[in-house]
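Colleague: What follows is a structure written as structure tokens; I'll ask about it next.
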Amino acid sequence: MIVAKAKIKYDARKVVNAAKRGSITSLGHAAGTIRLQARHSIKQKPKKSRVGSPPNTRKGRLRSAIKYAVSKSPLSAVIGPDAEVAGTSGKAHEFGGTYKRGRFDKRPFMLPALEKVKDRLPKHWANSIRGG
């Protein structure tokens, strides 16, 4: 006959802190995945893209302007074109509108990027809490 004894030490604070750290890291990975998909959808070509499809870029500025940031409190992520690099051209492309006196038709690239990768996002949280 084999007898085994186990002692379990549970510290709820450590579990909560590990969950927070894991969520911040996982959210960063998820935001990076969306950013990468959005960047890949914008092609560098001299001509305009079809209305309704992601925009083309002549110099690559819009594509390189797509950034992301993760905030710890409240836990959130922001993904999109940096206005300091591309101005408000990203907004004009995504939703339609005017930019530098030009009229832009709707050529969304951020929402389609999210839609394309949304099924892959939960895996970023798999095994995000690890023992210490």
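The values are calculated or read from the model by the stated rules, or taken from the named source; none is laboratory data. Since the structure is predicted, the reported quantities are computational estimates derived from the model, not experimental observations. Quick reminder, even Gly has a Cβ in these numbers, built from the backbone with ideal geometry, and neighbours come from all protein chains shown. In case anyone asks, the SASA skips ligands and DNA or RNA and just uses the protein heavy atoms, side chains included. Shrake-Rupley method; radii C 1.70, N 1.55, O 1.52, S 1.80 Å.
Colleague: Which distance in nm do the two modelled labels at Val78 and Lys9 give, with both placed 7 Å along the Cα-to-Cβ direction?
Modeller: Computed distance between label sites Val78 and Lys9 equals 4.2 nm.
Colleague: Using θ = phi - 60° and the Karplus form 6.51 cos²θ - 1.76 cosθ + 1.60, what ³J(HN,Hα) does each residue of region 14-29 get, whole Hz, x for Gly and Pro?
Modeller: 5, 5, 4, 5, 5, 5, 5, 4, x, 5, 5, 5, 5, 5, x, 5
Colleague: Can you give me the long-range amide H partners of Lys67? Hydrogens built in the peptide plane at 1.01 Å from N, cutoff under 5 Å, separation of 5 or more residues or another chain.
Modeller: Placed amide hydrogens put Gly80, Asp82 under 5 Å from Lys67.
Colleague: Taking the Cα centre of the chain as origin, work out the dipole magnitude from +1 charges on Lys and Arg Cβ and -1 charges on Asp and Glu Cβ, in debye rounded to 20.
Modeller: 340
Colleague: For region 74-132, treating each Cα as an identical point scatterer without solvent, what Debye log10 I(q)/I(0) comes out at q = 0.15, 0.27 1/Å?
Modeller: The Debye formula, applied to the Cα set alone, gives -0.62, -1.12.
Colleague: Report, ordered by chain and residue number, the lysines lying within cross-link reach of Lys45, taken as a straight Cα distance under 16 Å and ignoring same-chain residues fewer than 8 apart.
Modeller: List returned: Lys59.
Colleague: Still on this model: Would you kindly derive the ³J(HN,Hα) couplings of region 2-10 from the backbone phi angles with the Karplus curve 6.51 cos²θ - 1.76 cosθ + 1.60 (θ = phi - 60°), listing them in order in whole Hz, with x for Gly and Pro?
Modeller: With coefficients 6.51, -1.76 and 1.60, one gets 10, 10, 10, 10, 9, 10, 10, 10, 10 Hz.
Colleague: Within region 42-81, report the trypsin sites (Lys or Arg not before Pro) that DSSP leaves as loop and that have at most 14 other Cβ atoms within 10 Å.
Modeller: Lys47, Lys48, Arg50, Arg58, Lys59, Lys72
Colleague: What are the ³J(HN,Hα) couplings of region 87-102, residue after residue, when phi is run through the Karplus curve with 6.51, -1.76, 1.60 and θ = phi - 60°? Round to Hz, x for glycine and proline.
Modeller: Going residue by residue, I get x, 9, 5, x, 5, 5, 6, 4, 10, x, x, 10, 8, 6, 6, x Hz, with x marking Gly and Pro.
Colleague: In square angstrom, rounded to the nearest 10, how much accessible surface does Leu62 have for a 1.4 Å probe?
Modeller: Its heavy atoms expose roughly 10 Å² to the probe.
Colleague: Met1 to Lys67: extension gain in nm, 0.36 nm per residue of separation minus the Cα-Cα distance?
Modeller: Answer, rounded to one decimal: 17.6 nm.
Colleague: Could you put Tyr99, Tyr68 in order of accessible surface area, largest first, with the 1.4 Å probe and the full protein assembly present?
Modeller: Highest to lowest solvent-accessible surface, that is Tyr68, Tyr99.
Colleague: Out of region 80-132, which trypsin sites (Lys or Arg not before Pro) are coil in DSSP terms and have no more than 10 other C-beta atoms within 10 Å?
Modeller: Filter output for region 80-132: Lys100, Arg101, Arg130.
Colleague: Which order do Phe104, Phe109, Phe95 take when ranked by solvent-accessible area (1.4 Å probe, heavy atoms of all protein chains), largest first?
Modeller: Largest to smallest exposure gives the sequence Phe95, Phe104, Phe109.
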